[in-house]
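**Q** This is the structure I have questions about; it appears just below.
Every number here is computed from the coordinates shown, using simple stated rules; none is lab data. Quick caveat: nothing in here was measured; it's all calculated off a predicted structure. Neighbour counts are summed over all protein chains in view; Cβ atoms, including those assigned to glycine, are modelled from backbone coordinates with ideal geometry.
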Amino acid sequence: VYTTSSEAGIILASTPIFTMFLASYFLKERTNFLQSIFLGLSVTGVIYILVMKGISFENSQIIGTSLLLLSSLSSASYSVLARPLTKKFKPLDLTFIMLTIAFLTFNILSLIRHGMNGTLTHYFDPLANQVFLVSILYLGILSSLGTSWLSNYVLSKIEASKMSVFGNLATLISMIAGVIFLQEKLEYYHIIGAIMIIAGILGTNLL
């Protein structure tokens with residue numbers, strides 16, 4: 001609504017860079033020169049694919065860009081804040097707390113909205129929709145519980161800056177899924193970008 005998908009992809013791909021700076025300042029994590037180069041390579045790989053696919057900023061607005069930056073900073077902040085907590089609590093315990101807070105927050109907001117619109121009696125109506133149920137189960141079990149637990153577990157094992165760079169794999173996975181399930185054409189720039197992303201992730205974590 002407020003920005004283009006290309007702009008969103010580029011800004012969100014910069015999350016590892018924000019994480020690196022925040023982790024360096026707050027957690028005193030040290031990233032050597034080569035790791036910084038490879039982290040930048042991974043981000044560049046994502047941007048390269050998006051640019052080659054065709055990028056447009058004509059319809060972008062300040063509010064959309066601002067929200068995307070806040071989203072990217074929020075993701076980076078989560079990695080930095082959760083890292084020390086994984087040393088005190090089990091990843092599953094942290095995940096339970098995170099999801100409980102999210103459950104209460106969004107349901108309270110939904111109840112308030114229904115109350116203001118006078119539609120409280122329709123609060124449970126979506127549960128009668130099969131598509132909604134499948135979607136909410138996927139989002140709740142895989143996208144929320146699964147990814148949150150795995151993220152917390154990984155943060156208990158490696159530095160926040162190293163973990164965040166794996167987020168750029170999303171572009172690679174989306175590309176592969178498009179080829180397999182949507183019969184999208186695999187272009188040369190997809191392969192080049194994929195190599196850059198994978199090399200960047202390996203270099204950041206192994207050096």
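**Q** What's the FRET efficiency of Ile180 with Val131 using the Cβ-Cβ distance as r and R₀ = 35 Å, to the nearest 0.05? Write out the running numbers ahead of the final one.
**A** Numbers: r = 23 Å, r/R0 = 0.65.
The formula returns an efficiency of 0.95 here.
**Q** Within a 10 angstrom radius of the beta carbon, how do Glu187, Glu29 rank from fewest other beta carbons to most? Let's see the in-between values first.
**A** On the way: Glu187 13, Glu29 17.
Least to most surrounded, the residues fall as Glu187, Glu29.
**Q** Could you give me the ³J(HN,Hα) list for the range 89-103, computed from phi with Karplus coefficients 6.51, -1.76, 1.60 and θ = phi - 60°, whole Hz, x at Gly and Pro?
**A** 10, 6, x, 5, 5, 4, 4, 4, 5, 4, 6, 5, 4, 5, 4
**Q** What full-extension length gain, to one decimal in nm, is calculated for Phe103 and Ile191 as 0.36 nm per residue of separation minus the Cα-Cα distance?
**A** Working: separation 88, 0.36 × 88 = 31.68 nm, distance 3.96 nm.
Gain in length upon complete extension: 27.7 nm.
**Q** Which whole-Hz ³J(HN,Hα) couplings does the range 144-152 yield from phi under the Karplus relation 6.51 cos²θ - 1.76 cosθ + 1.60, θ = phi - 60°, glycine and proline marked x?
**A** Listing the rounded values in order: 9, 5, x, 5, 5, 5, 5, 4, 5 Hz.
**Q** Something else: Ratio of alpha-carbon Rg to the 2.2 N^0.38 Å globular estimate for the chain, to two decimals, please. Mind showing how you got there, number by number?
**A** Details: Rg = 19.3 Å, N = 207, 2.2 N^0.38 = 16.7 Å.
Against the empirical 2.2 N^0.38 Å value, I get 1.15 for the chain.
**Q** Moving on. Taking a 30 Å limit on the Cα-Cα distance, which of the listed pairs Lys157/Lys185; Lys53/Lys162; Lys28/Lys88 fall beyond it? Before the final figure, lay out each step's value.
**A** Working: Lys157/Lys185 37 Å; Lys53/Lys162 28 Å; Lys28/Lys88 18 Å.
Listed pairs above 30 Å: Lys157/Lys185.
**Q** Just want the ordering: Val131, Val46, Val154, from fewest to most Cβ atoms lying within 10 Å of their own Cβ.
**A** Details: Val131 8, Val46 25, Val154 17.
Final ranking by Cβ density, sparse to dense: Val131, Val154, Val46.
**Q** Another one. When the Kirkwood radius is taken over all Cα pairs of the range 57-150, what Stokes-Einstein diffusion coefficient follows at 37 °C and 0.692 mPa s, in µm²/s?
**A** Details: Rh = 16.2 Å.
Stokes-Einstein gives a translational diffusion coefficient of 202 µm²/s.
**Q** How long is the gain from Ala170 to Arg113 if the chain were fully straight, where each residue apart is worth 0.36 nm and the alpha carbon distance is subtracted? Could you put the intermediate results ahead of the total?
**A** Details: separation 57, 0.36 × 57 = 20.52 nm, distance 3.30 nm.
Computed gain between Ala170 and Arg113 is 17.2 nm.
**Q** Is there a quick way to get the dipole size of the range 5-206? I mean about its Cα centre, with the Cβ of Lys and Arg at +1 and of Asp and Glu at -1; what is the value in debye to the nearest 20?
**A** Values: 11 positive and 8 negative charges, 136 e Å.
Around 660 debye, computed over the range 5-206.
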